[in-house]
Number of protein chains: 2
Amino acid sequence: MSLRHAVLGLLVVQPSTGYELARRFDASLANAWHASHSQIYPELAKLEAAGMVEVVGEGARRSKTWGATDAGRRELRRWMTEAEPVRTQRNETGLRWFLVFLLEPAERQAVLEREWAYISAEARERREFTAQLDASGRGGAFRPVLDLAERMETVMIDWLREQADAAEAERP
Amino acid sequence: MSLRHAVLGLLVVQPSTGYELARRFDASLANAWHASHSQIYPELAKLEAAGMVEVVGEGARRSKTWGATDAGRRELRRWMTEAEPVRTQRNETGLRWFLVFLLEPAERQAVLEREWAYISAEARERREFTAQLDASGRGGAFRPVLDLAERMETVMIDWLREQADAAEAERP
DNA sequence: TAACGCATGTAATACGTTACATGATTCT
DNA sequence: AGAATCATGTAACGTATTACATGCGTTA
């Protein structure tokens, strides 16, 4: 049940409305977790009932800003330090990359080029995001995670380029 | 609906029983997709009804070996070349690594050391698997994917080591 | 004033996990 | 003979997606 801990974690980093959480899932947490608003609002209600989040402000359009309570922080800490990590993943991109070697060279090349373009664009966005964060002085704690993302992207981009070139060379 | 394509893909690589598929999901596909037998058997039944897989052999303990039909291969190819990739991921490990920077240095170090040990062990197993495959001459098409896994593991292991050391240095 | 983006919620359906259930074959 | 592993299936429950529904505030 990681949705709970993802929400709790995002709220510890920064109090947000449910709507903002939905966007933050796709921004900072895009390659770790995803949740849409129809899942977030009920989860916030459950977390409130469990005393782990609370409304810390109300704004325009009857919006509520949520923050984590001490109980919520304790639960998040317990989960990170004591709970057995669940290692099962679901990553359609990884599945495609595994299976792309079943395709003929021409089609394989096309798919690999598309993936290369996608990851390159993602890396570009991430670099902009990092630059913004650094400029605003709020880089802080999450700088290491962005650095990891950069290194992984570099590996993926290089690999996709190599495999696309190899597929091209194989074409009859 | 990627379970369908994961099953189809595994069966194109190698015809298998439902039981074998469950193990192959956790072996070759562990960091891309997971499915347990209670999901696999019904999916095989649906794929058979759709004419995409067929029984290609029966063995001991009333086991059935399934293989992909031409229609199944076509559907897999269509999915890879034409279907819009779904990029949403769910990766609890990634979520933990993102949130670990909320912890105090001592606890953070402990979590990072545990993760380092886990990924190192995973890398060791993958290397053994690769060596076996190479020795049996069946390395072939999937060698590139194993190479990508190796590079990613290297990046993760180095990063975890650096962050664990940094956390240790921060301890009061 | 119309369109767009912010903001919150629920309902129906699909997907995934855990638990239950059974039986065959191999190994000790 | 008993335990372990192979092998297949279903049922109940929990999680996630898609579709439906509504209203506020800003901007063109």
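No lab work stands behind these numbers, since they all come straight from the coordinates. Just so it is clear, the structure is predicted and the values come from calculations on it, not from any experiment. Here Cβ is always computed from backbone atoms with ideal geometry, including for glycine, and neighbour counts include all displayed protein chains.
Once the Cα atoms are used to define both axes, helix A:37-49 deviates from the longest principal axis of chain A by about 30 degrees.
Residue exposure proxy: B:LYS64, A:LYS46, ordered by other Cβ atoms within 10 angstrom of their Cβ from fewest to most, comes out as A:LYS46, B:LYS64. What is the local net charge at B:GLY72, summed over the other residues whose Cβ is closer than 13 Å to its Cβ (Lys, Arg +1; Asp, Glu -1)? Net charge around B:GLY72: +1. Return one number: the angle in degrees, 0 to 90 and rounded to the nearest 10, between the long axis of the Cα atoms of helix B:143-170 and the longest principal axis of the Cα atoms of chain B. Between helix and principal axis, roughly 20 degrees. Working from Cα pairs under 8 Å separated by at least six residues, relative contact order for chain B is 19 percent.
Size check on the range A:92-170: the Cα extents along the three principal axes, sorted descending, read 49, 18, 15 Å.
A Förster distance of 22 Å, applied to the separation of the beta-carbon atoms of A:ILE157 and B:ARG127, puts the FRET efficiency at 0.40.
Can you list residues from other chains, or at least 5 along the same chain, whose modelled amide H is less than 5 Å from the amide H of A:VAL53? Residues meeting the criterion, in which the H sits 1.01 Å from N, are A:GLU48, A:THR69. Projecting the Cα atoms of B:PRO15, B:SER38, B:GLY94 onto the dipole axis of the range B:13-158, where Lys and Arg carry +1 and Asp and Glu carry -1 at the beta carbon, places B:PRO15 farthest toward the positive end. For B:ARG61, the distances from its label point to the matching points in the remaining copies are 5.6 nm, ordered from shortest, with each point set 7 Å beyond Cα toward Cβ. Each Lys and Arg Cβ is given +1 and each Asp and Glu Cβ -1; about its Cα centre, the range B:3-81 then shows a dipole of about 60 debye.
Placing +1 on the Cβ of every Lys and Arg and -1 on the Cβ of every Asp and Glu, with no other charges, gives the protein assembly as shown a dipole of roughly 860 debye about its Cα centre.
Based on the Kirkwood radius over alpha-carbon pairs, what is the Stokes-Einstein translational diffusion coefficient of the range B:44-127 at 10 °C with 1.306 mPa s viscosity, in µm²/s? Answer, rounded: 91 µm²/s. Here the simple spin-label model places points 7 Å from the Cα toward Cβ, and for B:ALA166 and A:SER120 these points are separated by 2.9 nm.
Rounded to the nearest 10 degrees, the angle from helix A:105-135 to the longest Cα principal axis of chain A is 40 degrees.
Could you work out the relative contact order of the range A:92-170, using alpha carbon pairs under 8 angstrom and six or more residues apart, expressed as a whole percent? Walk me through the intermediate numbers first.
Details: 42 pairs, mean separation 39.8, N = 79.
So the answer I get is 50 percent.
A simple charge model with +1 on the Cβ of Lys and Arg, -1 on the Cβ of Asp and Glu and nothing else charged puts the dipole of chain B at about 760 debye relative to its Cα centre. Dividing the summed helix terms, -39500 (n - 2.57) for each DSSP H run of n ≥ 4, by the number of residues in chain B produces a 222 nm estimate of -22000 deg cm²/dmol to the nearest 500. Sorting A:156-167, B:123-134, A:47-58, A:7-18 by average packing, meaning the other beta carbons within 10 Å per residue, from highest down gives A:7-18, A:156-167, A:47-58, B:123-134. Annotation note: trypsin sites (Lys or Arg not before Pro) in the range B:72-115 located in DSSP loop regions with a Cβ neighbour count of at most 15 within 10 Å are B:ARG87.
With the convex hull drawn around the C-alpha atoms of the protein assembly as shown, the volume per residue stands at 174 Å³.
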